[in-house]
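Report on the structure given below.
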Amino acid sequence: MTSTHRPLDKILAGLSFLLGLVTISAALGSQYIGGLYPCELCLEQRMAYYIGLPLLAAILLLWNRLPLGVWYVAMLAATAIFAWGTYMGGFHAGVEWGFWPGPTACTGLGDTFSFDQMSNMTPVIGCDVVQFRFLGISLAGYNALISLAMVAMLIGAIVFQAKRKRG
């Protein structure tokens, strides 16, 4: 008798992918539909999704075809990318709360301001400006929490894969 259940490792990786896809879609939607303008750190946080989601999609599509060693390296790379996203979200939330200063290009005009920038029609939003909070948490804070959840799911997938292959 064959089992038709999906292994927990693939379910966790798939849930992580879906959570990431919903998150980046919501970020883009808040920008293009909701009228929230991203700052430099917001754009930097999105890089984890732009790099990590295609990698995770490739892993999921090639799940049973990848050599196990390649699978582990790819999953560790995806996990590291979203761990970086967790750090960036936490760092940005800390800048918003005033716990530490943000990049000078992002939290003030600094010495790089020119009158050419005034002709740009895109508003410049400081990284220390919170445009939206829900339950006291900014979008950067939610990004940190979501990225952390994705990291936990990916680590769980790696652990369950290792247990399944061992015995």
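Here, each number is a calculation from the coordinates, and none is a lab measurement. Note that this is a predicted model, so its numbers are computed, not measured. Cβ: placed from backbone, ideal geometry, glycine included. Neighbour counts: every protein chain shown.
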- request: Average the reciprocal distances over every distinct pair of alpha-carbons in segment 8-166, invert the result, and give the Kirkwood radius in Å.
  value: 17.0 Å
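For Leu18 and Arg65, FRET efficiency with R0 = 30 Å and r from the beta-carbon atoms, rounded to 0.05?
It comes out at approximately 0.90.
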message: Test of understanding: what is the full-extension gain from Ala162 to Met47, defined as 0.36 nm times their sequence separation minus their Cα-Cα distance?
response: 38.5 nm
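How far, in nm, would the chain grow between Ile155 and Leu28 when pulled straight, counting 0.36 nm per residue and subtracting the alpha carbon separation?
Working: separation 127, 0.36 × 127 = 45.72 nm, distance 2.68 nm.
Contour length minus the Cα-Cα distance gives 43.0 nm.
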